[in-house]
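The values are calculated or read from the model by the stated rules, or taken from the named source; none is laboratory data. Predicted, not measured: the structure shown is a model, and the values here were computed from it. Every residue, glycine among them, receives a Cβ derived from its backbone with ideal geometry; neighbour counts consider all protein chains shown. Protein only, heavy atoms only, side chains kept; ligands, DNA and RNA dropped before computing areas. Shrake-Rupley method; radii C 1.70, N 1.55, O 1.52, S 1.80 Å.
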Amino acid sequence: TAALALTLLALNLWLNAPLFQNGEQPYRGSIESGYAGIARFFAAHPNPYGWNPFIYCGIATQHTYLPGMPYATALVLWLNPGMEALQAYRIVTALFACLGPVTLFLFAAYAAGSRGWAFAAALGYTLCSPAYDLFQTIDNDRGLLPVPWHLHVMVKYGEGPHNMGLTLLPLALLAVWAAAKSTGFRKLFLAAVALAVVALTHWIAALALAFCCLLLFVAQWG
């Protein structure tokens with residue numbers, strides 16, 4: 001299992017190496033600079049109960065954005081103070097994008113009990129997106145190469161937190177599944193923490209997580 005997970009990670013790092021590069025993107029619709037600016041503010045003012053004067057003529061820091069992505073990027077800036085905030089943001093979001101198929105594989109292998117099918121699902125997630133064939137609006141936004149949709153929105157629109165939430169979601173499902181099959185407190189506590197981490201990272205991922213948990217309960221009914 002560990003070898004297959006590392007293989008998926010290495011493949012995604014190789015395929016998506018350009019995502020880690022610094023520099024301004026050519027897409028005018030990208031909002032990644034805004035996310036990087038939020039992270040730079042969090043790095044300089046880490047107190048979540050402070051005041052952010054740069055957004056909406058001033059707002060409480062805790063209401064600026066969900067803390068997962070800004071604090072993860074701020075951690076990179078604390079470790080390397082000379083790095084540009086945009087580059088730190090790129091590193092964090094690209095890394096989580098590469099880890100997405102890995103966490104999907106781990107959940108599927110645990111839930112289905114088959115490493116082969118789990119690896120096939122994660123490989124499909126790495127290379128393609130059925131969303132292009134299912135939704136006309138998404139297909140209209142397709143470029144010359146139909147890169148996976150989760151990478152498309154990150155590169156073209158700067159939506160890195162989407163991938164962060166997608167990457168954490170399978171781990172939360174794995175924790176919930178393990179807690180459902182156990183009577184101990186430790187796994188139940190870990191599941192609660194995992195659910196909270198997703199909710200503190202991306203609210204759409206939290207909504208998707210709620211739907212997925214409901215599907216797990218239905219699948220295990222009886």
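Listing for the model above:
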item: Output for the stretch 48-87, where each listed residue is more than 20 Å from Leu200 (Cα to Cα) and in contact with a Leu (Cβ under 8 Å, 6 or more places away or on another chain); result: Met83, Ala85
item: Among residues of the stretch 99-116, those that are of a type in the set (A, V, I, L, M, F, W, C), modelled with pLDDT under 95 and open to solvent by 50 Å² or more (accessible area, probe 1.4 Å), counted; result: 1
item: In the stretch 67-98, residue least open to solvent (accessible area, probe 1.4 Å) [restricted to those that are outside any helix (DSSP H, G or I) and in contact (Cβ under 8 Å) with a residue 12 or more places away in the chain]; result: Pro67
item: Selection count where residues are assigned to a loop (DSSP other than H, G, I, E, B) and open to solvent by 30 Å² or more (accessible area, probe 1.4 Å), scope the stretch 4-22; result: 2
item: Matching residues, the stretch 24-49, being outside any helix (DSSP H, G or I) and touching a strand residue (DSSP E or B) at 6+ places or on another chain (Cβ under 8 Å); result: His45, Tyr49
item: Any pair with Cβ under 8 angstrom, 6 or more apart, that starts in the stretch 137-152 at a residue that is open to solvent by 60 Å² or more (accessible area, probe 1.4 Å) and ends at one that is assigned to a loop (DSSP other than H, G, I, E, B) and of a type in the set (A, V, I, L, M, F, W, C); result: Pro146/Cys128
